[in-house]
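Read through the structure below, which is laid out as structure tokens, and then see the notes.
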Amino acid sequence: MQVTYIAVGPAVGPWVQQAGNTMQKAKLQVPECLVFVPDGNRRSAKAKGRPALRAHHDGLKNARTMIDAAFRRGIRNVVFWGASYGNLRDRNWMEVQQILRLFKQEVADRLGKDDKVRFTVCGGWRDFTDDAELLEMVETLERRTEKYEGPEYQQLTLLFGYDGRDDVVDAVRRIIEAGLKPEQVTQATFPLYLMSRCVPNVDLLVRTGEESGRPHWSKALLPWQMYDPELYFTPTFWPDFTVAEFDRVLIDWGTRRRMNGT
């Protein structure tokens, strides 16, 4: 696994305005699969003197901006880390309910439009809600968008209540239940039984909110797909992470890909 650490400050000046054009003119490659790990919502709210419960609202607002920016730049697979199973289990009840309300708001918004993006949720988030309407909405959205599969479409995967170890263990159970013989379990067949099977190998992971200089990893984040990604860490809190900063990361990634001939 190649790990690259960069501390990206707020990008300013005319370079930022030219970032998108630079990518196009230089014909730089963009990642096939990108993961956002949006850390720093609560710290951002605290720094701005806002209520803690406002933090996740700000985070969702920026998530919409950044996911749209990624798709507009040609990235086919965007994975958004919403929460681990431990996050939902260990945080206070009011905060978890607020996160679920925002999740429901996002699903309702996506149900109201048809942007031809396949939407999938992976994880055990259902253990933390008895909202039958939300369960039905998610099922409807996933079913309605599952037809958008193939190189001409884009995929948005939300990891929500996700644990990578559970993902692997559940895959093994499904393989056993399917009656596969040992010789049938290969690197090609195994990922077909993952709950995260819609996610290809990750090319680039962007994690925000890393202030200490010691990059923090998310527990068991896509253990199968994180085969050989590049990892970028920035001290910028997620609600303050801008499209300009994102472009800077993509240009750096694409430039190195071109220099390496890949």
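The values are calculated or read from the model by the stated rules, or taken from the named source; none is laboratory data. All of these numbers come straight from a predicted model, not from anything done at the bench. Methodologically, a virtual Cβ is constructed for each residue, glycine included, from the backbone with ideal geometry; neighbour enumeration extends over all protein chains shown.
For this structure, a couple of remarks:
- Scanning region 116-155 for residues that are in a helix (DSSP H, G or I), over 26 Å from Asp90 (Cβ atoms) and under 19 Å from the mean Cα position of the chain (by Cα) gives Leu141, Glu142, Thr145.
- The listed residue being modelled with pLDDT of 90 or more, under 20 Å from Tyr232 (Cα atoms), hydrophobic (A, V, I, L, M, F, W, C) and buried (at least 20 other Cβ atoms within 10 Å of the Cβ), out of Val30, Val35: Val35
- Residue tally, condition touching a helix residue (DSSP H, G or I) at 6+ places or on another chain (Cβ under 9 Å) and either among the charged types (D, E, K, R) or buried (at least 17 other Cβ atoms within 10 Å of the Cβ) (or both), over region 130-150: 8
- Residue in region 41-54 that is within 19 Å of Phe241 (Cβ to Cβ), of a type outside the set (Ser, Thr, Tyr), surrounded by 13 or more Cβ atoms within 10 Å (Cβ to Cβ) and modelled with pLDDT of 95 or more present: no
- Check on Lys104, without any contact (Cβ under 8 Å) to a residue 24 or more places away in the chain and either farther than 20 Å from Asp39 by Cβ or touching a helix residue (DSSP H, G or I) at 6+ places or on another chain (Cβ under 7 Å) (or both): no
- Condition check for Thr189: surrounded by fewer than 18 Cβ atoms within 10 Å (Cβ to Cβ), over 16 Å from Glu32 (Cβ atoms) and β-branched (Val, Ile, Thr): yes
- Subset of region 192-238 that is basic (Lys, Arg) and assigned to a loop (DSSP other than H, G, I, E, B) - its residue that is surrounded by the fewest Cβ atoms within 10 Å (Cβ to Cβ): Arg214
- Cβ-Cβ distances below 7 Å connect the following pairs, each with a first residue in region 118-132 that is more than 18 Å from Ile67 (Cβ to Cβ), a second residue that is part of a helix (DSSP H, G or I) and hydroxyl-bearing (Ser, Thr, Tyr), and a separation of six or more residues or different chains: Gly124/Tyr85.
- Top-ranked residue of region 95-115 - restricted to ones that are more than 20 Å from the chain's Cα centre (by Cα) and part of a helix (DSSP H, G or I), ranked as surrounded by the fewest Cβ atoms within 10 Å (Cβ to Cβ): Gln97
- The set of residues in region 159-207 that are more than 16 Å from Ala83 (Cβ to Cβ) and charged (D, E, K, R) comprises Asp170, Arg173, Arg174, Glu177, Lys181, Glu183, Arg197, Asp203.
- Residue tally, condition within 19 Å of Pro223 (Cβ to Cβ), without any contact (Cβ under 8 Å) to a residue 24 or more places away in the chain and basic (Lys, Arg), over region 150-206: 3
- Each residue in region 69-94 was checked for being closer than 21 Å to Leu222 by Cβ, among the basic types (Lys, Arg) and in a helix (DSSP H, G or I), and 1 pass.
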